[in-house]
Amino acid sequence: MIVKSTVVILHRYAYSDSSWVVKALSAHYGVLSFLVKGGKQARYSFKNALSPLAMSEVVFNKSSKSDLHFVKEATLLEWFPQMQSDLEALAMAQVMAEIVLRYAPSYLDLDKEFDLLVQALTQLNEPPYSPSVLVDWLFNMNSLWGYSIATACCIKCGGELTEAPADFFLDQGGCVCKNCCNHFSPKANPLFLKDLWHYNQNKPIEKIPLMEKAFFMYLQNHSGAEREIHSLQWLKEVRKICSV
Ligand SMILES: [Zn+2]
């Protein structure tokens, strides 16, 4: 069956001396794998359209017998040039792509995941982008996959928070208010708790990496899949380089 779909390229790896396997997120067909024969050759026509983090329209032969489909045509729709040339933005995008690849459910209809990813890549492509693009995306992905993070209400009494939460219980679903917290010193980092309060009020976050880490661990914890995301380490290194 010949099918046309808009995709975001998530990952590409060598399959042989001349071919690639390309993984892509499609709104209607979920995460797809394409075998791109001859893709590594300089004269291959659709190279740019099948490069990581490009958004493209792909015409492919959807196999019913195999998970590997053959690309017939690919047209580049958006290359996100500003994002691709900004080391930190690119590293954040790589984290998102890897998380989609390793955590996305295997059902077909991933249109909301597709929209959230394209929205985040578009934001990263428009400098100066908000530093919390990855935080927001992780927060939304948790909600989308059924693991909403309680940042506005207390998970114990259900009351709306009127100040910074007294603690954050990752395994129980989020923030706890002062009245419901039966220990004096919070287990969560106080800076993170302060940032949760700021986040809740749409104010800038000070310790972005702390919140990214917490929201990613939240996803790991609630999905029950402790799959490592290697790009997170790369993002950390990139930030170190950029801050020098
Ligand atoms: Zn409470």
Q | Along principal axes, Cα extents of the chain, largest first, whole Å | A | 64, 43, 26
Q. Which semi-axis lengths, in whole Å and largest first, follow from the square roots of five times the eigenvalues of the Cα gyration tensor of the stretch 92-225?
A. 27, 17, 12
**Q.** q = 0.28 Å⁻¹, the stretch 107-170: log10 I(q)/I(0) [Debye, one scatterer per Cα]
**A.** -1.15
Q. Can you give the net charge of the other residues whose Cβ lies under 13 Å from the Cβ of Gln201, counting K and R as +1 and D and E as -1?
A. -1
Q. So what are the three principal axis dimensions of the stretch 1-83 from its Cα atoms, in whole Å, longest to shortest?
A. 39, 31, 17
Q: Whole number please: convex hull volume per residue, Cα atoms of the stretch 150-197, in Å³.
A: 65
**Q.** Sites Glu78 and Ile241, calculated FRET efficiency, Cβ-Cβ separation with R0 22 Å, nearest 0.05
**A.** 0.25
Q | Centre separation in Å (Cα based) which lies between the stretch 218-244 and the stretch 1-79 | A | 26
Q: Using the structure shown, select from Lys23/Lys62; Lys112/Lys203; Lys37/Lys112; Lys40/Lys112; Lys112/Lys178 the pairs with a Cα to Cα distance greater than 24 angstrom.
A: Lys112/Lys203; Lys37/Lys112; Lys40/Lys112; Lys112/Lys178
Q) So what is the 222 nm mean residue ellipticity for the chain from helices alone, if each DSSP H run of at least 4 adds -39500 (n - 2.57) and you divide by all residues, rounding to the nearest 500 deg cm²/dmol? A) -11500 deg cm²/dmol
Q: Could you please report the charge total around Arg227, scoring K, R as +1 and D, E as -1 over all other residues with beta-carbon less than 13 angstrom from its beta-carbon?
A: -2
**Q.** Lys, Arg +1 and Asp, Glu -1 on Cβ, resulting dipole of the stretch 2-79 about Cα centre, debye, nearest 20
**A.** 200
**Q.** Point-to-point label distance, Gln220-Val59, nm (Cα→Cβ direction, 7 Å offset)
**A.** 4.4
Q. How much net charge surrounds Trp20 when only the other residues with a Cβ under 14 Å from the Cβ of Trp20 are counted, with Lys and Arg +1 and Asp and Glu -1?
A. +4
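Computed from the coordinates by the stated procedures, all read-outs in this text should not be read as laboratory data. Please read these numbers as outputs of a predicted model, since none were measured by experiment. In this analysis, Cβ positions are derived from the backbone assuming ideal geometry, glycine residues included, and neighbour counts consider all displayed protein chains.
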